[in-house]
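Q: Below you'll find the structure I mean.
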């Protein structure tokens, strides 16, 4: 696999390093001359100097034959535009963008730059995962497939608490795929599995159904 | 008509002033409060007294665009110093807010051409400058 990584900061350099170690062909593009000279001592021919938003720099890095373009500069505008030309001009099938400011995620979405990885959001999700009594947590979003997997802790008095899986009033387009009782190993439920307060359930669902899921499992919980 | 100019540098402020003088409603957005001085420079009355609007804010912040009146804009001009900011904010104006006429300043000739093919109205001063140099050299060579 040939990967073009734009942005030789902490994220980009470590990514390039790991990919090379895993036997992938990588070109890292860095626009700061000092950073370039420092990294060149380690990566040698696997790094090129230049502004990765300029087309000739991307072409020199071989973007036309790239299987994957990863834009991880510290600038969201740059990352969006690099991925936009990678996808729409050079027809690269797979792109990954770093989103530095979570408020800019909407711009990545607007222009179809997916997936956009926001470290802030990832850490926030992890924190919510660790906070006891949380409501609903997004574990995985697959916007292209229009699917997501969420985790929700069943609260006392929730409509689903004490019911068998087959009796829970779930909307079409959602399915309980795993039950994690407190302190015990998780398992894939059957129709007659009883859901208890304090259990965590993993649900796969069509985007937009979250309110229905919350209503069944954690009507008094916090959503996140 | 309502003209929203993002970026009050040399280009943006001049376009804003001439649009106001031509009788249009003009709103200017810039992240630097001091850029307002360019709008007042050489004018008999201040920018606001002449009827202009000025908002301090970052171009790609939705709240700043809303405060500057992007929803009422007939013409959107992206004229910050950064090509990437201009290309992004222009597409936000076009695709998110549906502004009818979006004009974007791009210094990089290659991307100016490509984004023009994608339907953006780009203006590339560098291309014009190169052409003028070429003509000037040609004139000298021929005379």
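Each reported figure results from applying straightforward, stated rules to the coordinates on display, with no laboratory input. Remember, predicted model here, so these are calculated numbers, not experimental data. Note: ideal-geometry Cβ built from the backbone for every residue, glycine included; neighbour counts use all protein chains shown.
Q: Count, for each residue of A:108-117, the Cβ atoms from other chains sitting within 10 Å of its Cβ, then give me the mean as a whole number. List each step's numbers first, then the result.
A: Working: counts 0, 0, 5, 5, 1, 0, 0, 0, 0, 0.
Shielding by partners across A:108-117 averages 1.
Q: Right, here's the next one. Roughly what % of DSSP beta bridges within the protein assembly as shown run antiparallel, to the nearest 5?
A: For the protein assembly as shown, the DSSP antiparallel bridge percentage is about 35.
Q: Also, I was wondering about something else. Just tell me how shielded A:79-89 is by partners: mean number of partner chain Cβ atoms within 10 Å of each residue's Cβ, no decimals. It would help to have the intermediate numbers written out before the result.
A: Values: counts 1, 5, 8, 1, 0, 5, 6, 0, 0, 2, 5.
Taking the mean over all residues of the peptide, I get 3.
Q: Sorted by average packing, counted as other Cβ atoms within 10 angstrom per residue and highest first, what order do B:16-23, A:67-74 take?
A: A:67-74, B:16-23
Q: Regarding the range A:4-106, what whole-number volume in Å³ per residue does the convex hull of its Cα atoms give?
A: Value for the range A:4-106: 92 Å³ per residue.
Q: I'd like to compare A:11-20, A:139-148: which one has the highest average count of other Cβ atoms within 10 Å, and what's the full order after that? Could you put the intermediate results ahead of the total?
A: Working: A:11-20: 18.6, A:139-148: 12.7.
In descending order of packing, they fall as A:11-20, A:139-148.
Q: Just how far, in whole angstrom, is the range B:89-110 from the range A:164-218 if you go by their alpha carbon centroids?
A: 45
Q: Rank by packing, highest mean first: peptides A:42-52, B:123-133, B:82-92, with packing defined as the count of other Cβ atoms within 10 Å averaged across residues.
A: B:82-92, A:42-52, B:123-133
Q: Next question. DSSP beta bridges in the range B:1-115, what fraction antiparallel, as a percent rounded to 5?
A: Percent antiparallel among DSSP bridges in the range B:1-115 is about 0.
Q: Separate question: Using only the Cα atoms, work out Rg/Rh for the range A:89-224, with Rh taken as the Kirkwood radius, to two decimals.
A: Result: Rg/Rh = 1.03.
Q: To the nearest 10 degrees, how steeply does helix A:10-21 sit against the main Cα axis of chain A, on a 0 to 90 scale?
A: Tilt of helix A:10-21: around 80 degrees.
Q: Additional query: What translational diffusion coefficient, in µm²/s and rounded to a whole number, does the Stokes-Einstein relation yield for the range B:26-143 at 37 °C and a viscosity of 0.692 mPa s, taking the hydrodynamic radius as the Kirkwood radius over Cα pairs?
A: The diffusion coefficient I find is 206 µm²/s.
Q: Hey, what number do you get for chain B at 222 nm if only DSSP H runs of n ≥ 4 count, each worth -39500 (n - 2.57), divided across all residues, to the nearest 500?
A: Result for chain B: -12000 deg cm²/dmol, rounded to the nearest 500.
Q: Between helix A:33-43 and chain A, what is the angle of the helix's C-alpha long axis to the longest principal axis, kept within 0 to 90° and rounded to the nearest 10?
A: On a 0 to 90 degree scale, this one is about 80.
Q: While we're here: Taking neighbour Cβ counts within 10 Å as the exposure measure, how do A:109, A:10 sort from fewest upward?
A: If I rank by nearby Cβ atoms, fewest first, I get A:10, A:109.
Q: Take peptide B:110-116, look around each residue's Cβ out to 10 angstrom, count Cβ atoms belonging to other protein chains, and average those counts.
A: Across the residues of B:110-116, the mean count of other-chain Cβ atoms within 10 Å is 3.
Q: When the helices in chain A are scored as -39500 (n - 2.57) per DSSP H run of 4 or longer and the sum is shared across all residues, what 222 nm value do you end up with, to the nearest 500 deg cm²/dmol?
A: Calculated at 222 nm, the ellipticity per residue is -9000 deg cm²/dmol.
Q: State the percent of C-alpha pairs, over all pairs in the range B:62-121, separated by a distance greater than 19 angstrom.
A: 22
Q: Using Cβ contacts closer than 10 Å as the measure, can you line up B:114, B:47, A:56 from fewest to most? Write out the running numbers ahead of the final one.
A: On the way: B:114 17, B:47 23, A:56 11.
In order of increasing Cβ crowding within 10 Å: A:56, B:114, B:47.
Q: When only alpha-carbon atoms are used, what values of Rg and Dmax, in angstrom, describe the range B:1-70?
A: For the range B:1-70, the Cα radius of gyration and maximum Cα-Cα distance read 10.9, 33 Å.
Q: For the protein assembly as shown, what Kirkwood radius comes out of the mean inverse Cα-Cα distance, in Å?
A: Every distinct Cα pair counted, the radius reaches 24.1 Å.
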